[in-house]
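All remarks here apply to the structure that follows.
The values are calculated or read from the model by the stated rules, or taken from the named source; none is laboratory data. Note that the coordinates shown come from a computational prediction; the quantities given were computed from them, not determined experimentally. Please note: Cβ atoms are built from the backbone with ideal geometry, for glycine as well, and neighbour counts cover all protein chains shown.
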Amino acid sequence: MILLLLVAAIAPLDSVYQAGEYENVVQLAPGFLADSARTAADSVFVSRIYASALVALGRTDEAAAVFRQLLIKDPSLTLDPEMVSPKIRAVFESVKAKALMPIPAPKSTPAETMYLRQPTPLSVLIPGLHQIQAGRSAAGYALAGATALSLVGLVFSHVAYNDARADYLQASSPQEISDRYRDANNWSHVRVALSGTTVTFWLTGLITALRSP
């Protein structure tokens, strides 16, 4: 009987939110959350509706406080980017980023700091240059070219990702949110892949240079 009453309480609240009556949601939600008979899942559902309504009304500080309480109870909580407006997710992600921000490590004392006794040759740091100077021109130019192409691709994909993410944050309709999220996500994958290849080429040049006589 209690479960039926809770479901009956949630359904109208969800309907009110879907109808865009955000002021009514803000008035009704605290009363439901104060009900000791609610389940944890119901509490999370109503809190998300409550916070979303606050964001829609421009009351982002209050929405952030609601999201903060949710993350205290469940730090792994996420919002579906294809179902939730970018405006709401921006407030949620901002709160989550602050909650998960690492504590800075203490600065090392001079006695704990390590220094290189000899400067590292520039040819070791630039992929392919050491090989070219050592007479292995083909390998050197190939490594330098591959690194340069990977780096250019990385810069391009980073710019494209930022543009796609900006478009996604401006999306409003469900179809736009889904399409633009997919574009930004694809560019994010490309950027990660090119970051890996760039680092791999640089490490390859560094290791082969250090191993060479």
Checklist entry - Any idea which residue in segment 124-177 is modelled with the lowest pLDDT, counting only those that are buried (at least 16 other Cβ atoms within 10 Å of the Cβ) and of a type in the set (Ser, Thr, Tyr)? => result Tyr168
Checklist entry - Restricting the search to segment 78-90, which residues are exposed (fewer than 15 other Cβ atoms within 10 Å of the Cβ) and assigned to a loop (DSSP other than H, G, I, E, B)? => result Thr78, Asp80, Glu82, Met83
Checklist outcome for this item: Ile49 vs (1) without any contact (Cβ under 8 Å) to a residue 40 or more places away in the chain; (2) out of contact with any Asp or Glu (no Cβ under 8 Å at 6 or more places or on another chain): all pass except (2)
Checklist entry - Would it be correct to say that Thr200 is more than 30 Å from Ser85 (Cα to Cα) and either under 22 Å from the mean Cα position of the chain (by Cα) or modelled with pLDDT of 85 or more (or both)? => result yes
Item to check | Single condition Ala8 does not satisfy, out of (1) exposed (fewer than 11 other Cβ atoms within 10 Å of the Cβ); (2) modelled with pLDDT under 80; (3) closer than 29 Å to Asn185 by Cα | outcome: (3)
Checklist entry - In this structure, does Tyr50 turn out to be over 16 Å from Leu70 (Cβ atoms) and hydroxyl-bearing (Ser, Thr, Tyr)? => result no
Next on the checklist: For a quick check of your reading of the model, give me the residue pairs whose first member lies in segment 161-182 and is of a type in the set (Val, Ile, Thr), whose second is assigned to a helix (DSSP H, G or I), with beta-carbon atoms closer than 9 Å and at least 6 apart or on different chains.
Outcome noted: Ile177/Pro86; Ile177/Tyr168
